[in-house]
1. What percent do you get for the relative contact order of the range 9-185 when only Cα pairs under 8 Å and 6+ apart count?
2. Treat every Asp and Glu Cβ in the range 1-154 as -1 and every Lys and Arg Cβ as +1, leave all other atoms uncharged, and give the resulting dipole magnitude about the Cα centre to the nearest 20 debye.
3. Please find the FRET efficiency linking L133 to H89, where r is the Cβ-Cβ separation and R0 is fixed at 22 Å, and quote it to the nearest 0.05.
4. Kirkwood hydrodynamic radius for the chain: how many Å is it when counted over pairs of different Cα atoms?
5. If you take the beta carbon distance between L62 and A38 as r and set R0 to 41 Å, what does 1/(1 + (r/R0)^6) give as a FRET efficiency, to the nearest 0.05?
6. Keeping all protein chains in place, calculate the accessible area per residue for the range 22-110 (probe 1.4 angstrom), answer in Å².
7. Tally up the carbon and sulfur contribution to the accessible surface of the range 9-185 as a whole percent, 1.4 Å probe, everything protein left in place.
8. Once Lys and Arg get +1 and Asp and Glu get -1 on their Cβ, which of H179, L162, H146 lies farthest toward the positive end of the dipole of the chain?
Amino acid sequence: MTDQQTYSNTALRLHWLIGLLIIANLVGGLVHDDLPKAIVPTVMGLHKASGILILFLSVFRLYWRLTHRPPSSAAGLKGWEIGLSHLTHWGFYLLMVVVPLSGWWMSSIGKITPEGQQRWPISFFGLFDVPFLPVEATEAAGGFWHETHEITAFAMIGLLVLHIAGAIKHQFDGHPVLHRMVPWLRAS
Ligand code: HEM
Ligand code: HEM
């Protein structure tokens with residue numbers, strides 16, 4: 001797919017499926033503290049299940065990306081623009097694995113109280129329980145993975161802002177890129 005100007009259908013479907021799930025998870029994670037108490041368990045249950053789905057889809061996407069070359073960069077971009085867009089894309093591939101993995105790790109530790117470890121099952125949309133990761137369960141490890149989850153999720157928001165700003169800048173700078181990834185613009 002070296003000479004083609006748009007992404008393959010598989011790359012496109014994976015981009016939007018994972019992208020929308022991530023945006024929903026970012027919103028759910030950020031607002032969960034302010035929601036009515038009664039719906040928090042449902043929202044966080046969905047957050048965890050879709051996070052696990054994102055993790056497995058992202059590993060597949062990374063495999064797909066490494067075995068299929070994307071179209072070459074949009075014509076006319078400056079060297080630094082190409083460099084920054086590659087950095088953003090590879091930053092995404094890294095965080096698409098690290099963010100959900102840190103959430104799974106944190107939830108596998110749960111809460112460490114003087115009475116012992118307390119953790120809540122991770123239900124995959126009511127179909128089955130996702131096994132806990134066999135990880136060290138100490139208060140310090142729980143704190144570390146919570147921090148990691150929060151910081152990497154915020155880094156992802158930073159990349160998303162950069163990614164959307166870059167796409168809009170290229171689009172209106174005379175180096176359109178949206179038709180390469182947006183289904184209804186592909187034919188134009
Ligand atoms: C969290 C959500 C998102 C993630 C994780 C994400 C991730 C990515 C990644 C990794 C690539 C590079 C594909 C490759 O060449 O390997 C990409 C490309 C692209 N994304 Fe996103 N994306 C997200 C949301 C969006 C949104 C909201 C837009 C709309 C502006 C968008 C527009 C594009 C476009 C136009 C490209 C192609 C860039 C090019 O042709 O060089 N993405 N995205
Ligand atoms: C790409 C996927 C994910 C994204 C973008 C994401 C994002 C976030 C964000 C932004 C927060 C709020 C951080 C804070 O302010 O403390 C959060 C909290 C949380 N996430 Fe995730 N998350 C993802 C996957 C997961 C997974 C897979 C799990 C567990 C299986 C998980 C479990 C949690 C829990 C339990 C909290 C609440 C932490 C607390 O405040 O006590 N997340 N997530």
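The values are calculated or read from the model by the stated rules, or taken from the named source; none is laboratory data. On a predicted model such as this, the values are computed, not experimentally measured, just so you know. Neighbour counts are summed over all protein chains in view; Cβ atoms, including those assigned to glycine, are modelled from backbone coordinates with ideal geometry. Heavy atoms of the whole protein, side chains included, go into the accessibility calculation; ligands, DNA and RNA do not. Shrake-Rupley method; radii C 1.70, N 1.55, O 1.52, S 1.80 Å.
1. Once normalised by length, the contact order is 24 percent.
2. The dipole of the range 1-154 has a size of about 500 debye.
3. Once the sixth-power term is evaluated, E becomes 0.20.
4. 18.4
5. 0.60
6. On a per-residue basis, the range 22-110 sits at 54 Å².
7. After summing per-atom areas, the C and S share lands at 71 percent.
8. H179
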